[in-house]
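Enquirer: Would you mind keeping the following structure in view while I ask a few things?
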Amino acid sequence: MSDRRGVVVACADRLFAEVTVAWLDRSEAWRSVGIAADGLQALGMTTRSEAERLLIIGELPRLPAVALTRQVRRRSPHVGLVVLGTVDVAEARVVDPLADAETVLEALATEAPTSSAVTFAAPEGLSRLRSLTPRERTVLQMLTQGATRDEIASGLGVSRNTVRTHMQNLYAKLDLHSRVDILKFGARHGLVSPDRSPRDPGAP
């Protein structure tokens, strides 16, 4: 049995949740034990699973973060609570929404406070993914799988110029400059295997 401690990830954004799970599962101390898309699901998973931490990312439907943390604290006081967002939650560690993975892992490793929230801050991080539109996310995923511009255009039923525009938006929002950067970003955040190489490294 793994010695790594279990974490339930609660996030309404499926892509962001999956990226979070990917880097959690690559860490030495933590492993995901479930993804919850809303607050009630997160409450059920946390109370029924072997989770030692609940990581809440942003606001959740059905049961907001503040109410969720109070319910978990009453039902499962042993579970540490970490919130990635801007809400003020007394029962949890609150992490700046721009925090990077290392900062979130640091918060998970810190025992949950009993009265006041502690904020960890970092200049940039995974939340950049949230700035992408649904179509830009699709293009990002196709790029990390090695698709060419023509393949993306064909798959999405759009022109090459439209794909180029999406790629330019991706580069700007993620602060990247080439397809190689896209592959590195994807590998770093669990979107692609680290040993994958782009088909056309010099392409814009």
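Enquirer: At 7 Å along Cα-to-Cβ for each site, give me the label-to-label distance between residue 154 and residue 3 in nm.
Expert: 5.0
Enquirer: Which cross-chain or sequence-distant (5 or more) residues have an amide H under 5 Å from the amide H of residue 30, H modelled 1.01 Å from N in plane?
Expert: Correct list: 5.
Enquirer: Computed FRET efficiency, Cβ-Cβ of residue 12 and residue 78, R0 30 Å: what is it to the nearest 0.05?
Expert: Efficiency, from the Cβ-Cβ distance: 0.70.
Enquirer: If every alpha-carbon in region 1-89 counts as one equal scatterer, what log10 I(q)/I(0) does Debye give at q = 0.15, 0.25 1/Å?
Expert: Those come out to -0.47, -1.31, one per q.
Enquirer: Could you give the length gained on full extension between residue 22 and residue 141, defined as 0.36 nm per residue of separation minus the Cα-Cα distance, in nm? Spell out each step's value before the answer.
Expert: On the way: separation 119, 0.36 × 119 = 42.84 nm, distance 1.43 nm.
Gain on stretching residue 22 to residue 141: 41.4 nm.
Enquirer: OK, next. If you take the beta carbon distance between residue 180 and residue 106 as r and set R0 to 22 Å, what does 1/(1 + (r/R0)^6) give as a FRET efficiency, to the nearest 0.05?
Expert: Taking R0 as 22 Å, the efficiency between residue 180 and residue 106 is 0.15.
Enquirer: For region 132-188, what class follows from the C-alpha gyration tensor (a ≥ b ≥ c being the square roots of its eigenvalues): rounded when a/c is under 1.5, otherwise prolate if a/b is larger than b/c, else oblate? Before the final figure, lay out the partial values.
Expert: On the way: a/c = 1.77, a/b = 1.42, b/c = 1.24.
Since a/c reaches 1.5 and a/b is larger than b/c, the shape of region 132-188 is classed as prolate.
Enquirer: Let me ask you something else. Relative to a virtual label point 7 Å from the Cα of residue 29 in the Cα→beta-carbon direction, which members of region 90-105 show backbone nitrogen distances below 14 Å?
Expert: Correct set: 101-105.
Enquirer: Continuing with the same structure: Which FRET efficiency, nearest 0.05, do residue 133 and residue 37 yield, Cβ-Cβ r, R0 22 Å?
Expert: The formula returns an efficiency of 0.65 here.
Enquirer: Which whole-Hz couplings ³J(HN,Hα) result when phi for each residue of region 96-108 is put into the Karplus expression 6.51 cos²θ - 1.76 cosθ + 1.60, θ = phi - 60°, listed in order with x for Gly and Pro?
Expert: My calculation for region 96-108 gives 3, x, 9, 5, 8, 4, 4, 5, 5, 4, 4, 5, 4 Hz in order.
Here, each number is a calculation from the coordinates, and none is a lab measurement. No experiment lies behind these values; they were computed from the predicted model shown. Glycine also receives a Cβ, built like all others from the backbone with ideal geometry; neighbour counts cover every protein chain displayed.
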